[in-house]
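This report concerns only the one structure given below.
The values are calculated or read from the model by the stated rules, or taken from the named source; none is laboratory data. All figures in this text were calculated on a predicted structure; none of them were measured in a lab. As a convention, Cβ positions derive from the backbone with ideal geometry for all residues, glycine included, and neighbour counts pool all protein chains shown. These area figures cover heavy atoms from the full protein model, side chains too; ligands, DNA and RNA do not enter into them. Shrake-Rupley method; radii C 1.70, N 1.55, O 1.52, S 1.80 Å.
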Amino acid sequence: MGKDTFPKLLLELAESEPERTAFRKKSLGIWKEISWKEVKDNVESFALAIKHLFEFQKGDRMVILSDNRPEWIYAELACQSLGGVSTGLFQESTPEQLDHLINDCKAKIIVAEDQEQVDKVLKIIDHLPLVETIIFINPKGLKNYSDHRLIFWDDVQKAANESSEINIVKEIEQGNGEDPAFLCYSPGTMGHPKGILLSHYNLLATGTALQEVDPVSSKDDYLSFLPLAWASEQLIVLSLSFQQKLTINFPEEPSTALQDLREIGPHLLMATPRTYENIIARFNLRINDTSSFKKKVYNFFNRYGKRKAEADFGGKPLSLKEKVIYKFGDYLVFSAIRDHLGLARIKRAYINGASLGNEGMHFFHSIGVNVKQTYGATELSGISLVQRDGKLDAESVGEPLPHVDLKITEDKEILIKSAGKCLGYLNGEALNLDQDGYINLGDTGEKLEDGQVRLTGRKEEVITGVQGQAVAPSSIESKLKMSPYIQEALLYGKQQPYMVGLINISMENVGRWADKKQLSYTTYEDLSTNPDVIQLIHEEVSQITALLPESIDFKKFIILPKELNASEDEMTPTYKLRRPYVEQKYKQLLDSLYSSDERVSFTKGNVNEQIIPVISLGEKREVA
């Protein structure tokens, strides 16, 4: 039997290394190990049961609505074993979003983690005519639910004993590498999410290419906390795990991921810029709160950490003296920081979903963490470019993986062709391909002399001022979000005389700062409109923008007295800004920043009109 599908690989692993640890899952504070044989047994039972109970067969669709956990993988592989296609939807999705996506993918079965997810599905169940069954994993709170479509995960597994006539191995043998393995939905940052079909071959070939650049082994650990609905997470958790025997660790809850990171100390990590920015923000707060002596020690060695980071990114090599002092500082300070953050064993930490700012890259390399930028898309199985060890540029997204072809058009658009190119969009929409079969994802950039690629932003996002200067807003927004007090930022200004912006504060970090100042507040709105907080953010933004090139004319901003969130379609479920929607929603507010008014009106919904201050950069003024 060829090894061209994930279920076939699972059968081989369960036979050749049945007792090797495949997964770990933390539950009630204890890490439980799960062997390859246990994975195979769970997948086989679930496949037998859904075939027997629900006549699930080739071509049928299943939605998985859960945090990362072993049951997700069992359900997905069971689905694949029968020739079906699963799709992961984000836990944060609203009932309205689920209504659209579940109908779009024509799901027959929904696997829901808990009561919260079941409640959302039941709220819209009358709009889901194709859904026959809802399988819930955690029964807490669901004892008295009476909907006939509900069934407990454990009860489904037990039903496998009633299906002796079904031969799952035979079903698996009929699978082919070109069959759809997973249906991913695009983030929807520029519009409605699109269903994208990825084959086994797409994911396996991309995993093989990544392994050629950054090898992992069966002794390595990975902490899986990016949503499994993402193609990039599927790439690591399925492709690298099943081909290289990488051990996958699942956190207890999404909220405990950073704590669980410290306990596992993985060798490989992948996270969004927001996660890395949060790590930096928390570290900066701890340093500011520490004793004067510890702060002096850190600041002394940090000078040499910064020099080491500069050298990592192509700057002047360290002198012998600098190497010795950095080595000493690593022993005394930086190794302890890495250990505290859970990064002591990291070989590579990938940035996925967007770019981390220059300052963030330098911070991690200053403390000895090999953080690397990646680039790709769901249509390309997650990752197509990655920075090479020892060949880093803080402003690049790396070089193409082996067997990935990349070209840049006269309009600076990036086009890619690879084995990871998806089967297509779910409902027949054509991929944006050129005549040679290269896919155009709408990003612009340039190829550097050393082969690395530098992004300049999405073509439709680039802000062109009245003087003709082009600015990629995301690069400046990333710099702003390096402040521990700024959670989100949006710059605005197409065909305007200068740029303006919206800022969301970090409730956690600004709240901690406010508590120390003994400022009174109860809500985000209270905190964001406090005069002392406004002054704090004014100073933070002023310090950051003072270092920008003179050609970037960013003059005014406001602190939005509400948090941008996914439930109102302002952010994607993975906390990426839905720029067109946010710009349109707050267009009147943003346009008002081009007047001479020092205060503007903000209405939350249809009520609660507020007057909020306009904060001007370049000179300090009182904001009463």
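The table that follows gives values for the structure above.
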quantity: Sites Lys407 and Asn427, calculated FRET efficiency, Cβ-Cβ separation with R0 25 Å, nearest 0.05; calculated: 0.30
quantity: Computed log₁₀ I(q)/I(0) - Debye formula, equal Cα scatterers, no solvent, segment 404-548, q 0.16, 0.18 Å⁻¹; calculated: -0.93, -1.03
quantity: Exposure rank, largest accessible area first [Lys123, Lys372, Lys25; 1.4 Å]; calculated: Lys123, Lys25, Lys372
quantity: Set Lys556/Lys604; Lys412/Lys481; Lys347/Lys407; Lys3/Lys245; Lys296/Lys323 screened for pairs whose C-alpha atoms are more than 18 Å apart; calculated: Lys556/Lys604; Lys412/Lys481; Lys347/Lys407; Lys296/Lys323
quantity: Cα gyration tensor, segment 544-612 - rounded (a/c under 1.5), prolate or oblate; calculated: oblate
quantity: Rg to Rh, two decimals, where the chain supplies the alpha carbon set and Rh follows Kirkwood; calculated: 0.97
quantity: Unit Cα scatterers, Debye sum, segment 1-131: log10 I(q)/I(0) for q = 0.16, 0.21 Å⁻¹; calculated: -0.85, -1.23
quantity: Kyte-Doolittle mean at least 0.0 and Cα axial length at least 27 Å: DSSP H helices in the chain; calculated: none
quantity: Proximal aspartates and glutamates relative to Lys37, as straight alpha-carbon distance under 13 Å, when same-chain residues fewer than 8 apart are discounted; calculated: Glu12, Glu15, Glu17, Glu19
quantity: Nearby aspartates and glutamates by direct alpha-carbon distance to Lys58 (threshold 12 angstrom, same-chain neighbours under 8 apart not counted); calculated: Glu171, Asp179
quantity: Prolate/oblate/rounded label for segment 257-355 (Cα gyration tensor, a/c 1.5); calculated: oblate
quantity: Pairwise label distance in nanometres, Lys459 with His148, each label 7 Å out on the Cα-Cβ vector; calculated: 5.3 nm
quantity: Rounded percent of accessible protein surface that carbon and sulfur make up, segment 343-458, 1.4 Å probe; calculated: 43 percent
quantity: Selection of GluC sites (Glu not before Pro), segment 134-200, meeting DSSP coil and at most 12 other Cβ within 10 Å; calculated: Glu165
quantity: Computed label-point distance, nm, for sites Lys327 and Ser596 using a 7 Å Cα→Cβ extension; calculated: 6.5 nm
quantity: Average Cα contact separation per residue, segment 148-284, under 8 Å, 6 or more apart, as relative contact order %; calculated: 19 percent
quantity: Under the Debye formula (equal points on every Cα, no solvent term), log10 I(q)/I(0) of segment 322-469 at q = 0.17 Å⁻¹; calculated: -0.99
quantity: In Å², nearest 10: area of Val43 left accessible to a 1.4 Å probe; calculated: 10 Å²
quantity: Fully extended contour minus Cα-Cα distance, from Asn176 to Lys123, at 0.36 nm per residue; calculated: 15.3 nm
quantity: Residues listed by number, segment 101-115, amide nitrogen under 17 Å from Ile166 label point at 7 Å toward C-beta; calculated: 108-111
